[in-house]
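Computed from the coordinates by the stated procedures, all read-outs in this text should not be read as laboratory data. Quick caveat, the model's predicted, so the values are computed rather than measured. When we count neighbours, we look across all protein chains shown, and the Cβ atoms used for this are built from the backbone with ideal geometry, even at glycine.
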Amino acid sequence: MTIWGRLKMAIRAFREQFVSASAFSEEEFADPDARKVRYDILWAQYENTVYRSIHAWAGTYKTRYALYRYIRNIYNPAYRLGEFWKAHLWGGMLDAEAGEEGALPIATTNEALRPSIAEVWQWSNWAIQKDIVTLHGSIYGDVILKVIDDVEREKVYLENVYPGLITDLTKDPFGHIKGYVIEEERAHPIHGRPVTYKEVCERDEQAVIYRTYLNDALFPWNEEASEWVEPYGFVPMVHIQHNDVGLGWGWSELHPARSKMHELDDLASLLSDQVRKSVNAKWLFTGVKATSPDQTMTTTETTGRPEPGREEEPALYSPDPQSKAMPLVAPIDIEGAILHIQEILKDFERDYPELKFDTLRVGGEVSGRALRIARQPAEVKVLQRRTGYDDGLKRALQMALSIGGLRGIFSGVNLDSFEAGALDFEFDERGVFVTDKLDEYEEEQFFWAAVKLARESGMPLVAYLEYVGWDEAELAKLRADPELQAKQDMLENMGTFGDDESDEDEE
């Protein structure tokens, strides 16, 4: 059976365990078929189609969670969450020269690394791919970066592999991959019919052994060999978990929110349809005789409508002699229902501070200080998630540089460079949010106001600046800049100005 045949079976047999996990049993959460279904559901959440019948599992999914038959994605924040993490993990312009600026600033004492990293950026199309990687990571919960050793083109680059293609992943105690199996459906290279491609990679000491299969039989997909050995000393693949909770595979940013998403969408869909029924109400006509027995209850034509249950406009007839017409709509406290939905949304914002910050930012009527305070919990969360992404990308780049040195693509590096410390670098600290110019001006005002208070209390200017973290280079710049020097002179003379004013008052 092909990989997609197994996936279809898994979808038909959807179980809630596929999207949840026990702290005492990781097997089902890590099961390849369970992960494929989980990734499919999470991506459908992001694109707002999770309840649609275009997915084979949608009907079973709604039944398992006892959801309203006509539920839609109305208050689903999955898209906003995905876009937030795409924009803030590695968001921004990439420094094409792998310098100390941009979305991924490189800090290293080995300046010779920068041109090589820059080439890997270019060959990987990393200016675009970095945002796709972080989007997929935040939605799926997992990122697989594979280092491609393209001997023919004399290039080495990073490839973002869909994690659902990984059917087996073996790691050492430190999280480094020791072996993997990739399976995917491909067209047969001769007759074009769909077959299963399988790639098996394992490490034996310094040797890395590759085997490729077609429907479980060895097959040379590269047209040269079905088995070969590389002397890398490491398996050129990295697994990044968006939220590592100790289960071997990561949690999506959406994972703990799914039940609340269901509740919100369920309530909002019911409320919306109740409003629809109020506009297109069912009518009871009394004192009116139906023209035929079948007309006891009639409905308007629904041919061609995708959801006729929502479109029905039925009428009921009664032989009561008192002729009346009245709408039959169940009373509902719409305002109370909206307040209930709003309370759940507030709880969402407590769980996801990034949503609260985004709401305030879009409002546009909040002070810069209020925005800074509101974004602090989101900033802390981003920095925590970013650590895993930065570490995984660093390891992938070091692998790419080592392989490039092996192939003679990069000078000054080889397979021993990592152990020798020649590939040491870090991603430097960078902000999470773009700083607004008005915020910068406001912060500068606060800073110099604090300087003024320090001077008035008798503290020397240079001593205060050193206290708040200015280094010698910044102090030298202060001394050399005429504008800043004028500000210093003003502050130094502040006591004199006060004495002059006192003398004038005495006169």
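Observations on the structure shown:
- Length added when fully stretched, ALA187-ASP416, from 0.36 nm per residue minus Cα-Cα: 78.5 nm
- The calculated FRET efficiency for GLU343 paired with SER259, based on their beta-carbon distance and R0 = 25 Å, is about 0.95.
- For TRP221, the amide hydrogen comes within under 5 Å of no other amide hydrogen, counting only partners 5 or more places away or on other chains and with H modelled in the peptide plane.
- The HN-Hα couplings worked out from phi for segment 380-389 by the Karplus form 6.51 cos²θ - 1.76 cosθ + 1.60 (θ = phi - 60°) are 4, 5, 4, 4, 5, 5, 4, 4, x, 5 Hz, whole numbers, x standing for Gly and Pro.
- Rough spin-label spacing in nm, given labels placed 7 Å along Cα→Cβ, for ALA476 and ASP150: 4.4
- Of interest is the spacing of the C-alpha centroids, which for segment 130-190 and segment 198-243 amounts to 11 Å.
- Length gained on full extension, MET93 to MET459: 127.6 nm, using 0.36 nm per residue less the C-alpha separation.
- Highest-first arrangement of 381-393, 38-50, where packing means the average Cβ count within 10 Å: 38-50, 381-393
- Highest-first packing order for the peptide set 467-477, 53-63 is 53-63, 467-477, based on the mean count of other beta carbon atoms within 10 Å.
- Estimated FRET transfer efficiency (ALA30, TYR70; beta-carbon r; R0 30 Å; 0.05): 0.30
- TYR157 long-range amide H proximity, modeled H, under 5 Å: ILE148, ASP150
- When only alpha carbons are used to place a centre, segment 373-418 and segment 88-128 end up 10 Å from one another.
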